[in-house]
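Some notes on the structure that comes next.
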Amino acid sequence: PYYGDSAGLGVVHRMVARTGRALPDFAAVGPGDIVYLTYDANRDHLIVSDTSPAVWDVDLRTHQGTRLFDAPSSSNMTMSFDSATQRLLFAYEGSTFDEYTLEGKLVHTCAGIALPHVVTISGGVTSDTQQPAIAGLVATGDGLIYAQSEDQRTVYRIDRACHVLTAFTHQFFNEAP
């Protein structure tokens, strides 16, 4: 796995997933702390967003980063790369996400998605019914999206036309710091 931290100033950390053994870090991007990482499996590149807020394309063979464009935001956002469409997805707290080309052109917006309430009952107690909002999203690689709700247990599968195809819940896991 690859990850950044708030004290790394453009440094990407690596480790062996099976053992947890650290691999050498590399400095790949500008002066901002790395906020989001996503992987482009077609090219073996990382797409990185930092606090400046810039989006970088990092070649994992050379560890060299190329600045692409300014990110739409650096806070309360999540980012994923869709290898099917070669586009970056940016979600903001709420029910909206945007698609950008790697050149930084906004090409599609899904705004005000009708995220259904999914009520879970456990031991006779129902879950809260706050308005659902996207906390994070992951592109599936086939043009669809899985979006995690702020309730930390509901996942929505969303299509290219901004329709929720299905919703389900999983065991509650709080967001990592």
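Quick notes
- Given (1) open to solvent by 40 Å² or more (accessible area, probe 1.4 Å); (2) in contact with a strand residue (DSSP E or B) (Cβ under 6 Å, 6 or more places away or on another chain); (3) modelled with pLDDT under 90, number of the condition VAL125 does not satisfy: (2)
- Of the candidates LEU60, LEU106, LEU115, the single residue that is under 29 Å from LEU165 (Cα atoms), at pLDDT 90 or above and out of contact with any Gly (no Cβ under 8 Å at 6 or more places or on another chain) is LEU106.
- Restricted to the stretch 32-58, and to residues there that are assigned to a strand (DSSP E or B) and of a type in the set (D, E, K, R), the residue that is most open to solvent (accessible area, probe 1.4 Å) is ASP57.
- Whenever a residue of the stretch 62-83 is touching a residue at least 24 places away in the same chain (Cβ under 8 Å) and surrounded by 16 or more Cβ atoms within 10 Å (Cβ to Cβ), its partners that are in a loop (DSSP other than H, G, I, E, B) and aliphatic (A, V, I, L, M), lying with C-beta atoms within less than 7 angstrom and at least six residues away or across chains, give the pairs GLY65/ALA28; GLY65/VAL29; LEU68/LEU102; SER83/ALA41.
- Test: ARG87 is open to solvent by 30 Å² or more (accessible area, probe 1.4 Å), at pLDDT 90 or above and under 30 Å from LEU115 (Cβ atoms): yes
- For VAL29: the one exception among (1) buried (at least 18 other Cβ atoms within 10 Å of the Cβ); (2) at positive phi: (2)
- Per the conditions (1) of a type outside the set (Gly, Ala, Ser); (2) in contact (Cβ under 8 Å) with a residue 40 or more places away in the chain; (3) not in a loop (DSSP other than H, G, I, E, B), the sole criterion not satisfied by ARG14 is (2).
- Scanning the stretch 15-24 for residues that are open to solvent by less than 50 Å² (accessible area, probe 1.4 Å), out of contact with any His (no Cβ under 8 Å at 6 or more places or on another chain) and at pLDDT 85 or above turns up at least one hit.
- Which numbered condition PHE69 misses (of (1) in contact with a Cys (Cβ under 8 Å, 6 or more places away or on another chain); (2) assigned to a strand (DSSP E or B); (3) among the hydrophobic types (A, V, I, L, M, F, W, C)): (1)
- Candidate set: the stretch 90-103, residues that are assigned to a loop (DSSP other than H, G, I, E, B) and at pLDDT below 90; chosen: the one most open to solvent (accessible area, probe 1.4 Å): GLU93
The values are calculated or read from the model by the stated rules, or taken from the named source; none is laboratory data. What you see is a predicted model; the values in this text were computed from it and never measured. A quick note on method: Cβ atoms are made from the backbone with ideal geometry, for glycine too, and the neighbour counts reach across all protein chains shown. Side chains are part of the model used for accessible areas, which takes the heavy atoms of the whole protein and leaves out ligands, DNA and RNA. Shrake-Rupley method; radii C 1.70, N 1.55, O 1.52, S 1.80 Å.
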